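The values are calculated or read from the model by the stated rules, or taken from the named source; none is laboratory data. Not measured: the values here are computed from a predicted model. Cβ placement follows ideal geometry from the backbone for every residue including glycine, while neighbour counts extend to all protein chains displayed.
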Amino acid sequence: MIEILKKLPKTNCGECGELTCMAFALQVSNAKRNLTDCPFVEGENSEETSTKSVKTLEDNYGRVSAELEEKARQINFKESARSIGGHYENRDGRETIKLQLMDKIYEMRPEGLFQNSEYCKDSWTKIIVYDYLTRMGKQPLSGDWVTLGCFRNTASHVKAFHKKSEEKIAEAFNHNIDGLKLRCSQFEGREDQGKITADYVCRFNLLPRIPLYLCFWEADEEYQASCKLFLDSNAEDYIDIEYLAYLVESFVDLFIG
Ligand code: SF4
């Protein structure tokens, strides 16, 4: 945390949504915020420092994913698969859980997470999947749509989340709702009538029990297009909400290409 703090301007300006740079550094060290959420890191640092920052982030992800892997290997596979909507298999006493994360299929084995029979080396992916598996969400999805800011302790994320996800989609598909619809179908999105009145609403499953609802309002002569992303109000039972914010942002990056 101290190493991360050294890279911040320490002005406690609050732009990142945290009250102090130290609070932000603590979140980054726990792999719950991204260093780039501080708008002053990139511009103020030399290339060498930026490289070190990325290295520090990777170290954090590696440490957190190793801790979660330890927990995930101890779970009851059958019970976890049932709770999180994974596919459980037991072949000659060897248990596995298959599940889809965004557009890829992963397999949880007693040794850890695999993709296409290769051990998954991406720490971020492992953090998301291990957290999802170990939480073993109990509450059924409520069907109530809420924004990220409705969950506890997310105030600091809302601004960055809006900028990195909702604004990006609105800008990318401004005056191009047909392009948006095409992209949604390429990502296996299902058009949804939804609970919100919008020009277009689409549902995606980021994980089997983590739906994401995209609502889009077309541009007109007066206003630019706008977008709002909604989650199920019980999503927190299935995944740490800060990891979920990352997951949505990554999905948007992939979606926009
Ligand atoms: S935006 Fe950067 S400088 Fe401002 S409080 Fe957050 S971490 Fe500190």
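Does any residue of region 92-101 turn out to be in a helix (DSSP H, G or I), closer than 30 Å to V28 by Cβ and either touching a Ser or Thr at 6+ places or on another chain (Cβ under 6 Å) or not aromatic (F, W, Y) (or both)? Checking region 92-101: not a single residue is in a helix (DSSP H, G or I), closer than 30 Å to V28 by Cβ and either touching a Ser or Thr at 6+ places or on another chain (Cβ under 6 Å) or not aromatic (F, W, Y) (or both). When the residues of region 1-23 are filtered to those that are farther than 19 Å from N60 by Cα and more than 7 Å from the ligand (Cβ to nearest atom), the one that is surrounded by the fewest Cβ atoms within 10 Å (Cβ to Cβ) is L19. For residues that are small (G, A, S) and within 15 Å of C215 (Cβ to Cβ), scanning just region 150-171, find the one that is surrounded by the most Cβ atoms within 10 Å (Cβ to Cβ). Only one residue tops the list, namely S165. Looking across region 231-240, just one residue is crowded, with 20+ Cβ neighbours inside 10 Å and in a helix (DSSP H, G or I), and that is A235. Take the residues of region 119-138 that are among the charged types (D, E, K, R) and in a helix (DSSP H, G or I): which is nearest to A81 (Cα to Cα)? Applying the filter and picking the extreme gives R135.
One line per residue, one yes/no per condition, for (1) hydroxyl-bearing (S, T, Y); (2) in the same structural domain as L247 (by TED's automatic domain parsing); (3) in contact (Cβ under 8 Å) with a residue 24 or more places away in the chain:
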residue: T125; (1), (2), (3): yes, no, yes
residue: Y130; (1), (2), (3): yes, no, yes
residue: C150; (1), (2), (3): no, yes, yes
residue: A155; (1), (2), (3): no, yes, yes
residue: K159; (1), (2), (3): no, yes, yes
residue: K163; (1), (2), (3): no, yes, no
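Of K228, K168, K181, K195, all but one fail to be in contact (Cβ under 8 Å) with a residue 12 or more places away in the chain, assigned to a helix (DSSP H, G or I) and either touching a Leu at 6+ places or on another chain (Cβ under 8 Å) or closer than 18 Å to G149 by Cβ (or both); the exception is K168.
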